[in-house]
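What follows is calculated from the coordinates using simple rules that are stated; it is not laboratory data. Keep in mind that this is a model prediction, so the values were computed, not measured. Here the Cβ is made from the backbone with ideal geometry for all residues, glycine too, and neighbour counts use every protein chain on show.
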Amino acid sequence: MPSVVTHTVVGIAAGKIFANEKMPARFWILSVFCAVVPDADVIGFYLGVPYGHFFGHRGFFHSPFFGLILSLLIVTLFFSQEKTFSKSWLLYALYFFLTTASHGVLDAFTNGGLGIALLSPFDNTRYFFPWTPIRVSPLSLEAFLSERGVRVIASEVLWVWVPVIFLVALCRERGGMAFSLRVKSQGQ
C-alpha cells in the first residue's frame with residue numbers, strides 16, 4: 001500500500017481539483033478520511049482476521065463498492081442540505097466515491113502484499129495491475145522510519161505526488177473540472 005501520507009496527499013489533491021471555491025472544514029476532513037479509511041482494516045491483523053479474509057487487509061474495505069457505500073453515507077450525513085439525488089448531491093457522492101476508490105486503485109499499483117479485492121463483495125479475488133511501480137509501504141512505524149521507508153516515500157513522490165501535483169496545477173490553470181463542487185449554506 002502507499003503510505004497514509006500519500007493517500008492524504010491524494011485526498012487533498014482531489015479536493016483541489018473538484019472544488020472551485022472555499023470549502024468548509026468538514027469537506028477537507030472527509031476528503032482525507034475517505035482517501036485513508038480503507039487502511040483501517042489493518043486492525044484485523046490484531047483481531048486475528050486472516051489477511052486473505054473478506055474483511056482482511058486490502059479486502060472489502062479497499063473495493064469500489066465500499067467506496068460507493070461510504071460516499072452515500074457521507075453525503076447523507078454531512079451534506080444533508082443538498083436535496084437527495086439533485087445535481088449537487090450526485091456530484092458530492094461521485095466525488096467522495098472517487099476519493100475513497102482511489103485508495104484501492106493506488107494499492108493495486110504497489111509491488112507487495114496479496115493484491116486488492118477490487119470486485120468485492122462479488123468476488124474476493126485479489127488483484128494487482130500489470131504494472132506495479134509503487135513500493136509497498138511497511139505497516140510498522142519503525143520500518144517506515146527506516147531506509148526502506150525512505151525508498152517507499154521516494155517511490156510515492158515519483159509515481160503519485162508528482163503526477164497528482166501536475167494534475168492539480170493543470171486543472172487549476174484551466175479553471176477546474178467541467179463540473180465542480182459548490183457549497184450550499186444550511187439556510188438555502
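Some points to look at:
- Trypsin sites (Lys or Arg not before Pro) lying in DSSP loop within segment 45-129, provided at most 16 other Cβ fall within 10 Å: 83
- Gaussian network model of the chain, springs between alpha carbon atoms under 10 Å - residue of 38, 24, 133 with greatest fluctuation: 24
- Once the Cα-Cα distance is subtracted from the 0.36 nm per residue extended length, the residue 122 to residue 4 segment shows a gain of 39.8 nm.
- Ordering 145, 68, 92 by Cα displacement along the dipole of the chain toward the positive end leaves 92 in first place; charges were set at the Cβ atoms of Lys, Arg (+1) and Asp, Glu (-1).
- Tilt relative to the chain, helix 64-78 - C-alpha long axis, 0 to 90 degrees, to 10: 40
- Fully extended contour minus Cα-Cα distance, from residue 147 to residue 68, at 0.36 nm per residue: 24.8 nm
- Computed extension length for residue 162-residue 81: 25.6 nm, one decimal, from 0.36 nm per residue of separation with the Cα-Cα distance subtracted.
- Shape descriptor for segment 52-169: Rg over Rh equals 1.04 (Cα atoms; Rh from the Kirkwood inverse mean 1/r).
- Just checking the listed ones, 80, 120, 155: in the Gaussian network model of the chain with Cα springs under 10 Å, the one fluctuating most is 80.
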